[in-house]
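Have a look at the structure below, then the notes.
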Amino acid sequence: MSHLVLEGLGKSYGSAVAVEGLDLSVERGEFVSLLGPSGCGKTTTLQMIAGFVPVDRGRILLDGGDLVAVPPNKRGLGIVFQSYALFPHMTVAQNIAFGLEMRGIDKAERETRTLEAMALVGLKGFADRYPRRMSGGQQQRVALARALVIKPALLLLDEPLSNLDAKLREEMQSELRQIQRSIGTTTILVTHDQHEAMALSDRIVLMNQGRVEQIGAPDAVYGKPASAFVASFLGKTNVLRGTGDGSGAVSIGAFSLPIAGAGAGPVQLAVRPERLSLAAAGASGFEVRVTSRVFQGAHWLLTADSAAGPLILMRHNDGQPVPAEGETVTLSFAPSDAALLAPGDAR
Amino acid sequence: MRKNSPLALCFHALFVIFMLAPLLIVCVVAFTPEGYLSLPTRGPSLRWFKAIFDYPEFIRAFRDSLWLAALSSTVAIMLAVPAALAIARHRFPGREALTTLFMSPLMVPHVVLGIAFLRFFTQIGLSGTFLGLVLSHIIVVLPFALRLVLAASYGIDQRIEHAAISLGAGHATVFRRVTLPLILPGVVSGWLLAAINSFDEVTMTVFIASPATVTLPVRMFLYIQDNIDPLIAAVSACLIALTAGLLIALDRLFGLDRLFVGTGKG
């Protein structure tokens, strides 16, 4: 039995469907991200788990018990918000101890556990500080400590790092991951930042327009996107138009390769820019004409036109010559690097 | 910040003088030893301050006014807090209409309110009672209380309350430990403004007050209809000193700019 199970979860606002038919099983200790553009229903889903948004359809099972009828203050979940949502009139220690106080834990134990939580998030010595006198990163640590000190069954993170600047966000990401690993709390993260989702999660749930597009480990979802939406949302990708011959082969011009499951007629293949390579002289491939070339330090980013459509490719700055603008080159890719997109799945 | 030009400084100075001059003049006149309103040219005297104690009506009216202000503003703030939270948080039919209704005493001339209350209280048998006075003042000061609590309520991030709920707090605890402290500047300033307005109200009260329930402003108004002497200046000077003292005390406790400008941060 999974730790957390969402079964056919759905929510509508009037005639607008916010979340529909969401099924998800989360194992104990797992870190799962709900990733998608704004309005995809990821925050609504988190709010339903937290209990702040009533569930219209489906069930939320935590260790087999249905949470839907449990009021939000009895669910025992830890939540961290993007806006930190600290109590501005309380000190750091008072903020963190609030949940323990609500549980009727005596003062001595409250103090020990508050100090432990502060040490866990690296805030020793900040006990009597007020939140307004702290930086965004420090405030987010307080929020994390406050959520974790109650030993929640689930840790829910609602865009927790979006208000931080890029450098701090990266630091906090690795720290968050490390803290989550060390205490083993099952965690659901809501984010629109694909890098954050990929860096932190065991599994990613990619959502779009209230529905799940794909669930899987970050590298699996990145490498084998199930739809054009996933392919385009997660990193840069090329959607190549080819022709299937009906017997499992796809051809792009003179370049032909076996793709399992490809039907007859027009097909679309998703290939990551870094997986497109220059074909060795005489090897098979398809011709493209380079239209622009941008140097980005560790690599070159090239755009090109081809019979399969416009595409981008990446060349590592490894000392090898890089095609110039206007040059025509031959590209190829391995069948395992191409993901077949569902037919009719327009971009 | 740019320095003010001499012309602007001159304008500001004149403006401040224009605002403060009447108060200053009243305070100075209160110290006159003469029997008529004049500047104390023969040195200051406490004659008219002592004279206040010869008129127990003033002392009694002052006490009644304080009670009236305290009661009506307290009840008004107790009505304003739930009303403001409902208006700030929820979208319900009639929300706009309700807000306008609560604010409407500001728009109706107090003379009209006075006549209306006089008639109404006579009808239901409350005329000339202290209760009637309190009820009418609650209605008149409610907009001030509501406006300031509303401004504070709009500023609350509801996720702060959600955080408290997720940590196990019930509705009552969330209100007492989180919501109320967050809107406290609005509540205190709303209460203060309501109390000042109740204490100050004369146009409407003059219609409702009976000889048994006369507020200080009404008493002063009745007094100067018969006599023009520095006694009224002495009473005014006392009120000014009291108000200034109260404001200074509040400033020390909460910070007045925080109460009235309402940054919402502690």
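Residues checked against (1) of a type outside the set (V, I, T); (2) within 14 Å of chain A (Cβ to nearest Cβ):
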| position | (1), (2) |
| --- | --- |
| B:L133 | yes, no |
| B:H137 | yes, no |
| B:L142 | yes, no |
| B:I156 | no, yes |
| B:L180 | yes, yes |
| B:V187 | no, yes |
| B:G190 | yes, no |
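Hey, any hits in segment B:77-99 for a residue that's of a type outside the set (D, E) and under 29 Å from B:A234 (Cβ atoms)? First the steps, then the outcome.
The initial filter retains those residues of segment B:77-99 that are of a type outside the set (D, E), namely B:77-95, B:97-99.
Next, only the ones that are under 29 Å from B:A234 (Cβ atoms) stay: none.
Among the residues of segment B:77-99, not one is of a type outside the set (D, E) and under 29 Å from B:A234 (Cβ atoms), which makes the answer no.
Please find, within segment A:57-74, the residue that is nearest to the other protein chains (Cβ to nearest Cβ) out of those that are under 25 Å from the mean Cα position of the chain (by Cα) and in a loop (DSSP other than H, G, I, E, B). Can you show your working first?
Pass one, segment A:57-74, residues under 25 Å from the mean Cα position of the chain (by Cα): A:57-63, A:67.
Add one more test, that the residue is in a loop (DSSP other than H, G, I, E, B), and what stays is A:63, A:67.
Details: A:D63: 18, A:L67: 13 Å.
Ranking the qualifying residues of segment A:57-74, first place goes to A:L67.
Of the conditions (1) at pLDDT 85 or above; (2) under 21 Å from A:A226 (Cα atoms); (3) surrounded by fewer than 13 Cβ atoms within 10 Å (Cβ to Cβ), A:Q296 clears all except one; give me its number.
The one condition A:Q296 does not meet is (2).
Taking the conditions exactly as written (within 14 Å of chain B (Cβ to nearest Cβ) and crowded, with 21+ Cβ neighbours inside 10 Å), does A:M48 satisfy them or not? First the steps, then the outcome.
Working: within 14 Å of chain B (Cβ to nearest Cβ): yes; crowded, with 21+ Cβ neighbours inside 10 Å: yes.
Against the criterion (within 14 Å of chain B (Cβ to nearest Cβ) and crowded, with 21+ Cβ neighbours inside 10 Å), A:M48 qualifies.
For the structure I just gave you, tell me whether B:P185 is closer than 30 Å to A:D158 by Cα, of a type outside the set (A, V, I, L, M, F, W, C), in the same structural domain as B:F207 (by TED's automatic domain parsing) and crowded, with 16+ Cβ neighbours inside 10 Å.
On the way: closer than 30 Å to A:D158 by Cα: yes; of a type outside the set (A, V, I, L, M, F, W, C): yes; in the same structural domain as B:F207 (by TED's automatic domain parsing): yes; crowded, with 16+ Cβ neighbours inside 10 Å: yes.
Yes.
Look at segment A:264-293 and say how many of its residues are in a loop (DSSP other than H, G, I, E, B) and surrounded by fewer than 12 Cβ atoms within 10 Å (Cβ to Cβ). Give the derivation first.
Just the residues of segment A:264-293 that are in a loop (DSSP other than H, G, I, E, B), to begin with: A:272, A:276, A:279-285.
Okay, now just the ones that are also surrounded by fewer than 12 Cβ atoms within 10 Å (Cβ to Cβ), so A:280-283.
Looking only at that region, the number is 4.
Quick one: which residue in A:R181, A:R177, A:R169, A:R133 is among the basic types (K, R), away from chain B (no Cβ under 13 Å) and either free of Cβ contacts under 8 Å to residues at least 12 places away in the same chain or at positive phi (or both)? Even if it seems obvious, please write down each step before you answer.
On the way: A:R177 fails: either free of Cβ contacts under 8 Å to residues at least 12 places away in the same chain or at positive phi (or both); A:R169 fails: either free of Cβ contacts under 8 Å to residues at least 12 places away in the same chain or at positive phi (or both); A:R133 fails: away from chain B (no Cβ under 13 Å).
Answer to the selection: A:R181.
If you check B:V81, B:V28, which single one turns out to be in the same structural domain as B:L231 (by TED's automatic domain parsing) and either surrounded by 13 or more Cβ atoms within 10 Å (Cβ to Cβ) or in contact (Cβ under 8 Å) with a residue 60 or more places away in the chain (or both)? Break it down stepwise before answering.
Details: B:V81 fails: in the same structural domain as B:L231 (by TED's automatic domain parsing).
Being in the same structural domain as B:L231 (by TED's automatic domain parsing) and either surrounded by 13 or more Cβ atoms within 10 Å (Cβ to Cβ) or in contact (Cβ under 8 Å) with a residue 60 or more places away in the chain (or both) holds for just one of B:V81, B:V28, which is B:V28.
Being more than 22 Å from B:A172 (Cβ to Cβ) and crowded, with 22+ Cβ neighbours inside 10 Å is true for just one of A:F98, A:F81, A:F126. Which residue is that?
On the way: A:F98 fails: more than 22 Å from B:A172 (Cβ to Cβ); A:F126 fails: crowded, with 22+ Cβ neighbours inside 10 Å.
When all the criteria are applied, what remains is A:F81.
Only one of (1) over 17 Å from B:R147 (Cβ atoms); (2) loosely packed, with under 15 Cβ neighbours inside 10 Å fails for B:A86. Which number is that?
(1)
How many of the residues in segment B:84-95 are over 26 Å from B:H137 (Cβ atoms) and either touching a strand residue (DSSP E or B) at 6+ places or on another chain (Cβ under 8 Å) or in contact (Cβ under 8 Å) with a residue 12 or more places away in the chain (or both)?
Residues flagged as over 26 Å from B:H137 (Cβ atoms) and either touching a strand residue (DSSP E or B) at 6+ places or on another chain (Cβ under 8 Å) or in contact (Cβ under 8 Å) with a residue 12 or more places away in the chain (or both) within segment B:84-95 amount to 1.
The values are calculated or read from the model by the stated rules, or taken from the named source; none is laboratory data. Computed from a predicted structure; not experimentally measured. Because the Cβ atoms are built from the backbone with ideal geometry, glycine has one as well, and the counts that use them run over all protein chains shown.
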